[in-house]
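Structure record follows, encoded as structure tokens.
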Amino acid sequence: MAELIIVFREVLEGALIVGILYTYLNKTEQQRAIIRLWQGVLFAIGASVVGSILFQMFADGFKGQAAKLFEGIVMIAAAAILGTVIVWMARNRNIAEELKEKADEALSGDKVGYGIFALSFISVFREGIETILFLYGVMIKQGGLNITLALVGAVLGVGVAFLIFVQGRKVSLKIFFNVTSILLIFVAAGMFAYGIHELE
């Protein structure tokens, strides 16, 4: 179940960021910037996939006590980052305005397209790296991953973003994030405890 919650949260956050930026650029008739936005998203997804492969290759290189030390450190780091994300989401209620300000800064520069590309790339890539780290933590703790649940989480995340930006539905994101935050607190606590166990 942890896979579904983590992937749903991360994909939804990434999709909301892209949706907000796209809506804002479309309203301000910045068509060239929109192309750069989608390029940034595609590059970020590609970089996340490559990052996942490299991380797995790096992790597989550890054996015996070194593997336990690495897993313990990764689990504690994943729990800390997950906790930080939960707190950040709880404190930042006006993410859309913050993104619009960053988009304005990017649009005011000489290289407009590159600013939007960088903003979308960093935003989506960050979500991708967090997903890799959190899922690795779940995989170590459970001894494997349920890919079906992860895919369902991704579809749900994209689906909710689609309902908001394409269908124009009013979806209570506050309830979504509050409920998933409570569940993720337990996931983070489990990761932290397992990380301490591995280090011991």
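The number of residues in the stretch 1-33 that are open to solvent by less than 60 Å² (accessible area, probe 1.4 Å) and either at pLDDT 85 or above or under 30 Å from A188 (Cβ atoms) (or both) comes to 20.
Condition check: surrounded by 15 or more Cβ atoms within 10 Å (Cβ to Cβ), in a helix (DSSP H, G or I) and at pLDDT 85 or above. Does V152 satisfy that? Break it down stepwise before answering.
Details: surrounded by 15 or more Cβ atoms within 10 Å (Cβ to Cβ): yes; in a helix (DSSP H, G or I): yes; at pLDDT 85 or above: yes.
For V152, the condition - surrounded by 15 or more Cβ atoms within 10 Å (Cβ to Cβ), in a helix (DSSP H, G or I) and at pLDDT 85 or above - is met.
For the stretch 21-33, the set of residues classified as touching a residue at least 60 places away in the same chain (Cβ under 8 Å) and within 19 Å of A161 (Cα to Cα) consists of L21, Y22, T23, Y24, L25, listed by residue number.
Restricting S52, S48 to residues that are more than 17 Å from M139 (Cα to Cα) and touching a residue at least 24 places away in the same chain (Cβ under 8 Å) narrows the list to S48. Suppose the filter is without any contact (Cβ under 8 Å) to a residue 40 or more places away in the chain, open to solvent by 40 Å² or more (accessible area, probe 1.4 Å) and not charged (D, E, K, R); does V166 pass it? Judged against the criteria, V166 is a match.
If we keep just the residues of the stretch 46-61 that are surrounded by 14 or more Cβ atoms within 10 Å (Cβ to Cβ) and not polar (S, T, N, Q), which is farthest from A118 (Cα to Cα)?
First, the residues of the stretch 46-61 that are surrounded by 14 or more Cβ atoms within 10 Å (Cβ to Cβ): 47-48, 51-52, 55, 59.
Within this subset, residues satisfying the condition of being not polar (S, T, N, Q) are 47, 51, 55, 59.
Working: A47: 13, G51: 18, F55: 23, A59: 29 Å.
Per the criteria, the residue is A59.
The values are calculated or read from the model by the stated rules, or taken from the named source; none is laboratory data. Here the structure is a predicted model, which is why all the values come from computation and not from measurement. Cβ coordinates were reconstructed from backbone atoms using ideal geometry, including for glycine residues, and neighbour counts include every protein chain displayed. Calculation scope for accessible area: heavy atoms of the full protein, side chains included, ligands and nucleic acids excluded. Shrake-Rupley method; radii C 1.70, N 1.55, O 1.52, S 1.80 Å.
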